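The values are calculated or read from the model by the stated rules, or taken from the named source; none is laboratory data. Note that the coordinates shown come from a computational prediction; the quantities given were computed from them, not determined experimentally. Glycine also receives a Cβ, built like all others from the backbone with ideal geometry; neighbour counts cover every protein chain displayed. Side chains are part of the model used for accessible areas, which takes the heavy atoms of the whole protein and leaves out ligands, DNA and RNA. Shrake-Rupley method; radii C 1.70, N 1.55, O 1.52, S 1.80 Å.
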Amino acid sequence: TDSFGTSNADFSPGDPGIYQLDVTLRRGQNLAARDRGGTSDPYVKFKLGGKEVFRSKTVHKNLNPVWEEKAYILIDNLREPLYIKVFDYDFGLQDDFIGSAFLDLTSLELNRQTDVTLCLKDPHYPDHDLGSILLSVLLAPGDQREATMLMRKSWKRSSKNNYDLLPSMPHRTGNFWQGIYCPSKCVLMIVFFVSLNKYHGTFQTQSLRLSDLHRKSQLWRGIVSVTLIEGRELKAMDANGLSDPYVKFRLGHQKYKSKIVPKTLNPQWREQFDFHLYEERGGIIDITVWDKDVGKRDDFIGRCQVDLSTLSKEQTHKLEMPLEEGEGYLVLLVTLTASAAVTISDLSHNSLEDQKEREEILKRYSPMMMFHNISDVGFLQVKVIRAEALMAADVTGKGKSDPFCVVELNNDRLLTHTVYRNLNPEWNKIFTFNIKDIHSVLEVTVYDEDRDRSADFLGKVAIPLLSIQNGEQKAYVLKNKQLTGPTKGVIYLEIDVIFNAVKASIRTLMPKEQKYIEEEDRLSKQLLLRNFIRMKHCIMALVTAVCYISSCFDWDSPPRSLAAFLV
């Protein structure tokens, strides 16, 4: 890194407490190749206090990528370094790690623009040259009033209950944050709320609700409906001059896969996929087209991207997308709509307990509204209260987990916040969904959050909507992924279903909604540990058998050796 001049490690009595760090991600140089073609598809993550605060766009097939993206970050602890990680994007697979570096904030000089070159390193291969990342950084005193106003707004919306205070926050409990992502400008604003301890005279008795802070990955701001119509003039990949094409979509961590249309270069799909558009994530859908080959690796036909920031909302756009690195076109219909059908809140914001809101919901699904919006069958409210006696997923010996909960109804999916180092977490969250099919099954899954890795499965419950008893808090035993047997722990839920019986009956006659979300392949630490123990037992049994046979040949026990030879 460059020399930064005066250090800020020793804070002066006039220390502002909050600083603004303006980071411009310029480019990468001579990055390590991670793909078979001798290249990479690099993107960059910024982390602070173990949490991701920025993610860049992906630059395809380039070892010297240019990003020119900006991140504005308000921080209150200069001793916390900024962690920069670079990955190679692999569609449908786990992304490959290229390298990482730290930016020491205490070495930055205030109010001075500085160009920084960070050499990437891999702890497992410290001697490898992995390339470098070029940044421009500017550290300046932050606006204390902005953070104070945000805290006051959150206090006004909070009640006397304090069940969403510090115990359910990340291990850097002194800092509270809120993320706002602007796709059109590639800007991520991170607002850090100052430590309660630092301003205890004014703030220590106040409650901060996680719903007011919009925890990361909790809530989407819109739904992107993509209809895959057809392909035209695709490249022939088989010996018969045809292909068996299918399409993969990816937006952030959401992945979808179309059906396979055999033996054609002009496939007709007519399939619809719904993506959830998050504020924190990029608004670019990666699309790849593949040729299905039985018994060997599928052939790559081409790729294209849809930049959602260029599309107007509440309008359907017909797109004819030429395929890069291949031949032909894809025809898509893309619609961006605001999300009103799915919400998340604290227990204090209960729609069914508010008399006015409850009456509106009951009116919406009354018999008089049977022919209004046939696809809107009903209303589902799920209270995720707590879990008990969960499995300890930390194999390092701490005997704890970092559990969070995923609530799914068909293709609608919501997440709770993570409760760190706890086997008896309390979430106290309310999720609401619009019901499209009363025969749907509600799935609630508990995972263990794992830094820089896929989350580990802890347990799951599946509840048919028609079996739900309204307003009854029940303890559900967590089961394995296949729902064939119990695993460790129980989860407490309270569920309410309101639906129109006529609409539900009509919907029953229609095809069941297909679940398009494609599960990511996960490397489970528990499965790895169980397989290791099983292999150890097998080896020990083999060693014991060999020793027994050897002792028979050595006549250590004549009766035993004689019996063994007779057998």
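For region 222-290, carbon and sulfur atoms together expose 50% of the accessible surface, with a 1.4 angstrom probe and every protein chain in place.
Across region 433-442, coupling constants 3J(HN,Hα) worked out from phi with the 6.51/-1.76/1.60 Karplus curve, θ = phi - 60°, read 9, 8, 8, 9, 8, 5, 8, 5, 10, 7 Hz, and Gly and Pro carry x.
Sorting M510, M237, M535 on solvent-accessible area from highest to lowest, probe radius 1.4 Å, gives M535, M510, M237. Treating r as the C-beta distance of N373 and K292 and R0 as 41 Å, the FRET efficiency rounds to 0.60. Judged by the mean number of other Cβ atoms found within 10 Å, the most tightly packed of the peptides 316-324, 442-450, 551-559 leads the ranking 442-450, 316-324, 551-559. Accessible area per residue for region 355-509, computed on protein heavy atoms with a 1.4 Å probe, is 45 Å². Between the amide H of R421 and those of S401, D402, distances stay under 5 Å, these residues lying 5 or more places away or on another chain, with hydrogens modeled in the peptide plane. When the alpha carbon coordinates of region 355-509 are projected onto the principal axes, the ranges are 60, 33, 28 Å, largest first.
Per-residue packing, averaged as other Cβ atoms within 10 Å, sorts the ranges 66-76, 364-374 into the order 66-76, 364-374, beginning with the highest. Out of residues 5 or more away from W269 or on other chains, whose amide H comes under 5 Å of its own, with H placed 1.01 Å from N in the peptide plane? For W269, the qualifying residues are E230, G231.
Amide H to amide H distances under 5 Å link F499 with F379, where only residues 5 or more positions off or on other chains count and H is placed in the peptide plane.
In a Debye calculation with equal point scatterers on the alpha-carbon sites of region 19-145 and no solvent, what is log10 I(q)/I(0) at q = 0.10 Å⁻¹? The Cα Debye sum returns log10 ratios of -0.31. On the accessible surface of region 19-145, probed at 1.4 Å, how many percent belong to carbon and sulfur atoms? Heavy-atom surface of region 19-145 belonging to carbon and sulfur, 1.4 Å probe: 45 percent.
Packing, taken as the mean count of other beta carbons within 10 Å per residue, orders the peptides 284-293, 465-474, 261-270 from highest to lowest as 284-293, 261-270, 465-474. Per residue, the accessible area of region 222-338 comes to 45 Å² when a 1.4 Å probe rolls over the protein heavy atoms.
Modelled spin-label separation between N111 and F553, with each label point placed 7 Å from Cα along the Cα-to-Cβ direction: 8.5 nm. A 1.4 Å probe, protein heavy atoms only, puts the accessible area of V477 near 80 Å².
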